[in-house]
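Encoded as structure tokens, the structure appears first; notes follow it.
The values are calculated or read from the model by the stated rules, or taken from the named source; none is laboratory data. None of the values given here were measured: they were computed from a predicted structure. Cβ coordinates were reconstructed from backbone atoms using ideal geometry, including for glycine residues, and neighbour counts include every protein chain displayed. The protein model used for the area step is the full one, side chains on, heavy atoms only, and it has no ligands, DNA or RNA in it. Shrake-Rupley method; radii C 1.70, N 1.55, O 1.52, S 1.80 Å.
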Amino acid sequence: MMRIALLHCKMGCILMEGIVVKNLTRDFAYYEKEAGMKSSVKNLFHRTKQIRRALKDLSFEIQKGEMVGFLGPNGAGKTTTIKILSGILHPTSGEARVNGYVPWERKKEFKKRFAYVAGQKSQLWINLPAVDSFALNKSIYEISDAQYRQTLGELVELFGVQEFLKVQVRRLSLGERMKMEMIAALLHRPEVIFLDEPTIGLDFIAQNNIRQFLKDYNRQNGATMLVTSHDLKDIEELCQRTMVISHGDLVYDGTLEHIRSIFSKKRILNVQWNSPVPRADLVSFGTIKNWEPMKAAIEVDDAAVTQTIHRLFAAFSVGDIGIDAAPLEESIARLYEQGAQGAEYGKI
């Protein structure tokens with residue numbers, strides 16, 4: 001069991017820092033309806049109620065200052081979990097504490113200690129300059145004038161967005177808007193940050209800037225971060241620990257490399273030729289992932305790597321050859337497919 005740090009708050013209570021989730025369950029009710037007017041009239045008097053369980057006895061702990069990836073296919077329960085931890089949703093049953101607070105009680109002190117950043121949703125007023133939204137957040141979070149000027153100045157300098165502060169948000173590029181979203185979320189210096197697809201839709205440079213900023217913020221402020229993303233680059237660069245959820249169950253808790261070691265029994269041979277090699281001549285060596293006349297990427301079983309390399313040198317004029325692990329995405333996809341059966345692979 002992970003150790004959770006305890007701090008005494010000013011009111012004399014004891015706050016448990018970090019995130020603790022125990023047996024969290026969330027059900028959603030919906031009604032079935034067949035097509036047609038007859039079914040519509042029938043539904044006025046009788047409807048068939050169905051229950052969909054989004055979370056199933058979910059339990060985990062995150063220590064203060066950890067940056068943890070939270071992966072899962074669409075509909076796995078990632079966003080539902082974050083909404084419960086941020087107080088937006090109530091669970092059907094179970095317990096959760098974020099820095100010692102019950103999120104859905106929505107106490108004022110709790111709301112001042114966390115931030116929720118969603119790449120697909122905006123907290124900024126699109127017809128106003130971002131600086132006006134920042135001023136509104138200053139009032140909402142009761143930030144002092146001195147702290148507001150200092151924090152805003154630091155964030156604006158880090159992101160290099162001084163020239164865009166007075167531009168209407170709707171006239172900003174997606175990358176510029178996301179930087180403003182980050183500034184708005186971090187003005188009150190939150191201790192816990194929930195990041196839901198923080199780099200979605202951004203170009204390569206903007207993604208790197210956001211990731212580097214989050215790493216710097218974590219290092220300087222010791223903030224706890226829970227990151228969901230379908231871009232594994234986000235998780236690889238930000239998080240040393242990864243949790244995987246599937247059908248509402250926690251099926252894995254560990255490192256990304258451990259996932260690869262469990263599920264990937266393949267290697268990629270990246271071969272460069274001294275003279276062109278037809279694609280058809282390579283079929284018997286393995287699965288051809290990429291091919292050009294002067295180079296190819298061939299997937300082979302881990303146990304057959306040495307033998308395949310000897311065969312390639314015997315059959316062709318090889319200029320260079322490299323061995324890579326199979327793409328991590330393939331191992332993650334296999335873990336998703338395992339569903340609850342994947343719990344045996346590293347679930348705590």
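Under 10 Å, Cα contacts only: if you run a Gaussian network model on the chain, which one of 49, 38, 138 comes out with the highest mean-square fluctuation?
38
Along Cα→Cβ, 7 Å out, is where each label goes; now give me the distance between the ones at residue 47 and residue 290 in nm to one decimal.
Roughly 5.2 nm, to one decimal.
Per DSSP helix of 4 or more residues, -39500 (n - 2.57); summed, then divided by the residues of the chain. What does that give at 222 nm, rounded to the nearest 500?
Calculated mean residue ellipticity at 222 nm is -9500 deg cm²/dmol.
Which residue fluctuates the most in the chain, going by a Gaussian network model with Cα springs under 10 Å, if the choices are 157, 17, 61?
157
How far is helix 305-315 tilted, in degrees, relative to the longest principal axis of the Cα atoms in the chain, given as a value from 0 to 90 rounded to the nearest 10?
40
Over the stretch 229-330, give the accessible area per residue in Å² for a 1.4 Å probe, as an integer.
Value for the stretch 229-330: 50 Å² per residue.
Which entries of 265/295; 138/166; 111/138; 121/233; 112/179; 83/108 show an alpha-carbon separation above 19 angstrom in the structure shown?
265/295; 121/233; 112/179
In debye, nearest 20, what is the charge dipole magnitude of the chain about its Cα centre with +1 on Lys and Arg Cβ and -1 on Asp and Glu Cβ, if you could check?
1320
Please work out whether the stretch 152-256 counts as rounded, prolate or oblate from its C-alpha gyration tensor, where a ≥ b ≥ c are the square roots of the eigenvalues and a/c under 1.5 means rounded, while otherwise a/b larger than b/c means prolate and anything else oblate?
Prolate, because a/c is 1.5 or more and a/b exceeds b/c.
Whenever you get a sec, compute what percent of the accessible area on the stretch 56-100 sits on carbon and sulfur atoms (1.4 Å probe).
That share works out to 43 percent.
Please give the peptides 327-335, 102-110 ranked by average Cβ packing (other Cβ atoms within 10 Å per residue), highest first, as a rough proxy for protection.
Listed from highest to lowest mean packing, they are 327-335, 102-110.
Nearest 10 degrees, 0 to 90: what angle lies between the long axis of helix 174-186 and the longest principal axis of the chain (Cα atoms)?
Tilt of helix 174-186: around 50 degrees.
Top mean-square fluctuation among 111, 42, 265, Gaussian network model of the chain, C-alpha springs under 10 Å?
Of 111, 42, 265, the most mobile in the Gaussian network model is 42.
What is the packing order of peptides 269-282, 236-249, taking the mean over residues of other C-beta atoms within 10 Å and listing the highest first?
Ranking, from highest mean packing down: 236-249, 269-282.
By how many degrees, between 0 and 90 and to the nearest 10, does the Cα long axis of helix 204-221 differ from the longest principal axis of the chain?
50
Read through the labelled values (i) 5, 20, 24, 21, 16, 10, 3, 0; (ii) 5, 24, 33, 26, 11, 1; (iii) 5, 22, 29, 22, 12, 5, 3, 2, 1, 0, 0 and report the label of the one computed as P(r) over Cα pairs in 10 Å bins from 0, in percent from the structure.
(i)
Could you tell me the largest-minus-smallest coordinate of the C-alpha atoms of the stretch 235-308 on each of the three principal axes, in descending order and whole angstroms?
50, 25, 24
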